Amino acid sequence: MSQYQASKMTQQKLHFIVIDDSKLDCFIAEKIIRNTGVSESIKSFVDAREALEHIKNHPATDAANKTILIVDIQMPVMNGFEFVEAFEELPEEIQKGYIIYVLSSSINESDLTRVRNYKSVKHFLNKPLTSNTLSTLVEWI
């Protein structure tokens, strides 16, 4: 058994929410997350507004076992930046239950700079989400 597998077995299970306008990207992210064995639950949303409503109506209640939000930047209707801005307007007790990772294929420096200015965004991840990226993400928690 590898060291990664051993640490996976002792680690508590995490909750994930994937927000991406591409159903295929959501499916791939769910599969990668599920295959790592670190998830207790995974929800996907192709509309960031629906994800925000879900968070408002079903906030993460266990601040010690935060829900991981993986948010795409480039989406119609409500993009990832708009989502994060709306999220940061939520009450602090709701925000405490989540960790946001922004996911994008953009390598635009202004996007990277903008992401760094949000207090609730833990890190910027490059698309596509891979099992190695997810393993790193879990280590950061």
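The values are calculated or read from the model by the stated rules, or taken from the named source; none is laboratory data. These numbers were taken from a predicted model, which means no experiment stands behind them. Using ideal geometry, Cβ is built from the backbone for each residue, glycine included, and neighbour counts are taken over all protein chains shown.
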Selection from region 97-115 of residues that are of a type in the set (D, E, K, R) and touching a helix residue (DSSP H, G or I) at 6+ places or on another chain (Cβ under 8 Å): 114
Hey, residue 43 among the charged types (D, E, K, R), under 22 Å from residue 132 (Cα atoms), in contact with a strand residue (DSSP E or B) (Cβ under 8 Å, 6 or more places away or on another chain) and in contact (Cβ under 8 Å) with a residue 60 or more places away in the chain or not: no
Strands (runs of 3 or more DSSP E) wholly inside region 8-127 containing at least 1 residues that are more than 18 Å from residue 140 (Cα to Cα) and not aliphatic (A, V, I, L, M): 39-45, 67-72, 98-104
Residue match in region 3-22 (condition: modelled with pLDDT under 95, crowded, with 20+ Cβ neighbours inside 10 Å and farther than 19 Å from residue 128 by Cα): yes
Residue list for region 50-95, restricted to those being of a type in the set (Lys, Arg) and surrounded by 15 or more Cβ atoms within 10 Å (Cβ to Cβ): 66
